[in-house]
1. Out of all the residues in region 733-743, which are in a strand (DSSP E or B) and open to solvent by 30 Å² or more (accessible area, probe 1.4 Å)?
2. Just checking, which of Ile296, Ile250 is of a type outside the set (Lys, Arg), surrounded by fewer than 23 Cβ atoms within 10 Å (Cβ to Cβ), in a strand (DSSP E or B) and assigned by the TED database to the domain that holds Asn224?
3. So which residues in region 253-293 are in a strand (DSSP E or B), of a type in the set (S, T, N, Q) and open to solvent by less than 10 Å² (accessible area, probe 1.4 Å)?
4. Can you go through Asn65, Asn54, Asn42 and tell me which one is surrounded by fewer than 18 Cβ atoms within 10 Å (Cβ to Cβ) and in contact with a Pro (Cβ under 7 Å, 6 or more places away or on another chain)?
5. Test of understanding: among Tyr702, Tyr785, Tyr723, which residue is in a helix (DSSP H, G or I) and either open to solvent by 30 Å² or more (accessible area, probe 1.4 Å) or in contact with a helix residue (DSSP H, G or I) (Cβ under 8 Å, 6 or more places away or on another chain) (or both)?
6. Gly792: within 23 Å of Asn194 (Cβ to Cβ), modelled with pLDDT of 95 or more and part of a strand (DSSP E or B), yes or no?
7. Working only within region 202-219, note down all residues that are hydrophobic (A, V, I, L, M, F, W, C) and open to solvent by 40 Å² or more (accessible area, probe 1.4 Å).
8. Only one residue in Val570, Val554, Val525 is under 30 Å from Gly179 (Cα atoms) and modelled with pLDDT of 95 or more. Which one?
Amino acid sequence: MKEKNRYAWLLTILAISLSIQGFSQSHSVKEYWLTIREEKVNKAGKWVKAITVNDSIPAPTLYFNEGDSAVIHISNALKEPSSIHWHGILLPNFYDGVPYLSTPPIAPGKTFTVRFVIRQHGTYWYHSHSMMQEQRGLYGAIVIYPAKKIHEYDREYTVLFSDWTNENPHHIMKNLKRGMEWYAIKKRQAQSLNRVIAHHGLAERIQMAWQRMPPMDMSDVYYNAFLANGNRSLYFPEAKPGERIRIRIIDGSSSTFFHLQYSGGNMQIIAADGQDVKPVSVTRLLIGVAETYDVIITIPDSGRYELRATAQDGSGYASLYFGTGVLHPAPTLPRPDIFHMEGIMMEGMAGMKMKMDHMNMYISQKRMNREMPDIQKAYLDREDIQIGGSLSMQMPGMDMHQKHDEMDMPATQMDTTQPMHHMHDMDMQTDTPSTAHPMQHMHDMHDMQHMDMHTDDMPVSSSGWQQQADSIIFNYDMLQALHPTGFDTTIHPVRHLIFNLTGSMWRYIWSINGKTLSEDDSIQVKQGEILRITLNNQTMMYHPMHLHGHFFRVVNANGSLSPLKHTVIVPPMRSITIEFAAQEPGDWFFHCHILYHMMAGMARTFQYTDYVQPDTMQYFPIKHLLHDDNHWFFWGDAQLSSNFGHGYLSYSNRKNWIQINGDYGWNHQQYEWMGTYERFVTRYLRPYAGIVGSNKNEYLNYFKKNGKSIPEQDTRGVIGIRYLLPLFLNADLRIDTRAHVRFTLSGETWLFPRVWLNYSANTDKEWEVHLEGMINQYVSLSAGYHSDYRWGGGLLVRF
C-alpha cells in the first residue's frame, strides 16, 4: 500500500510540474509578495499589538483576471507559525492554507509560495487559519475579473467590513470559557433580573434557566469598533449623482454579522459569495461572517448618502458615504429583542412560509396568536431570522422543553438559498483606502443608537430617506442562479448526512452532532458522489457554515436554479439543506466561521478516500489541528475582605477540570482549602477526587468523638460528584476518608447589570450570601455574610 501511495504521489508531482510549465505558456502570470508581521496599531483609541500584511490592515487587495496564473509569495516575519487560507477560491488542496490538514504552517522567518490557475471570477477574500491571527488583523480582499464583462456600472469599490477589539483574542476566549458576562455589560445588553422584569420576560427567563439555557445574545464578544477597510468611516466624494456604483462587500469579521442599508434607495444584489445571480433589489441585507455580496447602488440627484453596516447585536456600525452635500443618513435599526425567545422566533416567522402543522414546539400556535400583538413591529421587520427565506420549518421532533443544544431534531429538509458559481466583471478601478479618501472618526461604540454621527461639519437632511412600508428585506429565496445547478442523481450516488449544530454556552463548547472536532474529526468522501447535508441549528446562535475548496447548492424555493455558495447562515432553531458534488480531491475543512465557535470545536474535515497527501505533510500531523478545541485555560480570583480572604484557581480543557480553592478567617484564624480533579462524563455530570484540609470544628470533631488527640488541622482525601441542576444550581455530593458526607448547593442571581447575588449552603450548616459589584472585568466590590466569618466586605480581583 505504501508503494502504491508513493507511486500515486509521484504521479501527482508530475502532473503539478506539467501544469506549472503550462502556466507560463498559456496563462498570464500575476505575482504578489506578502509579508506578515506584528506591529502596533491604533484602530479604536488604543495602541495594541496586531498582525499586518505589507504593513496594512486589512491586507492588500489582490486583483486577478479569470484564467490568470496566480503566484503568491508569503513571508512570515512573526515569532510564531502563520498561514493564509484563500476563502472561496478553487485551488489544489495543498495550497488551501489550513495548517496540519492540507498545508504546512509557515514557520517564523520562512517563505511559502502558492501557485494555482484562476478558474473563477468574483469577490473573495483571504485570511489566516492559525489560531486567533484573523481577529488580530490578518485578512484581505480578492477581486477576480471575468473573461467577459457581465454588468454595466460607472465605478466600483471593494469594501471589507470587520470587527476590532483592543483585547487580546486569547484573553477573550478565556473569558468566554469562564462564563463572564462582561461583554454583555459593555454592549449594554445585560440580562440582569431588573432588566428582564422591565421587559416582561421573567417567566420565560425562569423557563430557560430551568432548561439550563443561559441568557440569549446575538453575539458573544464586545468590540471596540467596526471597520470598513480598516476605518470606521469611508468617504467617496467622487461619486456623482446618477452614477451606478458596484460595491464588492466582504464580511471579514471574526464574529459579527452586519445589517446593510443604503439611504439612497434599494441595493441591487448581482452576486453572492462570488457567484453571479439574477439581479434582485433589496432594502436591507444581513451579511454573515465570511459571506460576500456584490451590490449596485444609484447615487440620487444631490447630497451625501450613507451605506451603513450595523452589527447584528446593535452595538455599533461602520459607514460608507457617497457624494457631497447634505447628509442623508441610513435608517437606525432598533436593537434586537434579546429578552424573549418567542420574539426572536416571531422575527423569523415574518415573511416565511411556515408549516405550522409540522411544528412540535413549546410555543403553541394559540400562544403565538396571543403574544403577537405585544411584539414590536420594528422587531418583526428585521431580517435577523428572515435570512432563511421560505425555509420549511418542519421540525416534528423538536421539543423546546429540551436543552437548546440537545434537541432531537430530525433530518427535515428545509429550503434556503444563496449565490451562484460564476463571478462578475468590471474594468473599473477599485478604490483602495488611499484613493477612497477614508476619514477615521472616533465613534462612541458604547451605544450606537444614540451615537452622534460625527458629522458636525455636514448639513443633515431633515427629511432623509426613510424606510417605507414596502421595504424589501433580503432572504436566501431571493437568490437565483443564472444557470441550473442541480445534479444528475441517476448517474452519481447521493449520500445524505445530518449535521446537528450543537453547543454549550455554560462552558463555551461548540460542536456538530454533540461532538467537537477533536472527538469526531473526519467524514470520508468518495470521488464523484453527491453529498446532501441537512444542517439543523439546535442553538440560539447564528452559525455561518463554510466549506473549503467547493461550492455547494443551497436548496431553496428556486429548485434547479438554487444558488451556489461557499458559506451559508443557519439561523437559530432552523434547518438548511446544502449539497455538493465531490469533485475536488483533498482534505477539506468544514466549520462555523465565527472564529471562537470554530476554535471551540464546531468543525469537521471532508477527506477524499482516494487522495494521497504530499509526503511533506507527514511532518505536520493533523493532531495539532485537532488540539485547537482542547486547549487548557487557566484563570482564578482572589478576594480580600474585612472578615476573611478567599482564593480560587482553575485549570481546565474540554473534559478535565482542576480546581483549588481556600479561605481564611482573620478573627478566629479558621481556614479550609480543597484541591480536586474532575472529569466530565456528560455535559453536566462530573465525578471528582481530591484532597481537603481544615482546622474548623466540623473537621476536628472527628477526633473528639473517637477520643483521639486533636491535631491543629485535619487533611483528608475526598471523592464525589458535581452536577449542574436546573436554574443553574451547582450540586456537590462528596464523602471523605473519615466517612464524612457533605452535600452543597450553590448558585448566583444576576440582579442588576453589574451586581450579582452569590449564595451557597451545605449540610455542615455552613452558608454564605454576598453581593458582588463588577467595576470592570478584573475587579469587583464584594460584601456579605459568612456563617463562619460573619459580616464583611472587600475587593475581589480576577486574573
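The values are calculated or read from the model by the stated rules, or taken from the named source; none is laboratory data. The shown structure was predicted, so the numbers you read here are calculated from the model rather than taken from an experiment. Here Cβ is always computed from backbone atoms with ideal geometry, including for glycine, and neighbour counts include all displayed protein chains. What goes into the accessible areas is simple: the full protein's heavy atoms, side chains included, and nothing from ligands, DNA or RNA. Shrake-Rupley method; radii C 1.70, N 1.55, O 1.52, S 1.80 Å.
1. Those that are in a strand (DSSP E or B) and open to solvent by 30 Å² or more (accessible area, probe 1.4 Å): Leu733, Ile735, Val741, Phe743.
2. Working: Ile250 fails: surrounded by fewer than 23 Cβ atoms within 10 Å (Cβ to Cβ).
Ile296 is the lone residue from the list that is of a type outside the set (Lys, Arg), surrounded by fewer than 23 Cβ atoms within 10 Å (Cβ to Cβ), in a strand (DSSP E or B) and assigned by the TED database to the domain that holds Asn224.
3. From region 253-293, those in a strand (DSSP E or B) are 258-262, 267-272, 275-282, 284-287, 292-293; that's our starting set.
This time we only want the ones that are of a type in the set (S, T, N, Q), so: 261, 268, 275, 281, 292.
The answer is Gln261, Gln275, Thr292.
4. Asn54
5. Answer to the selection: Tyr702.
6. On the way: within 23 Å of Asn194 (Cβ to Cβ): no; modelled with pLDDT of 95 or more: yes; part of a strand (DSSP E or B): yes.
Here the answer is no, as Gly792 does not meet what is asked.
7. Of everything in region 202-219, those that are hydrophobic (A, V, I, L, M, F, W, C) and open to solvent by 40 Å² or more (accessible area, probe 1.4 Å) turn out to be Leu202, Ala203, Ile206, Trp210.
8. Val570
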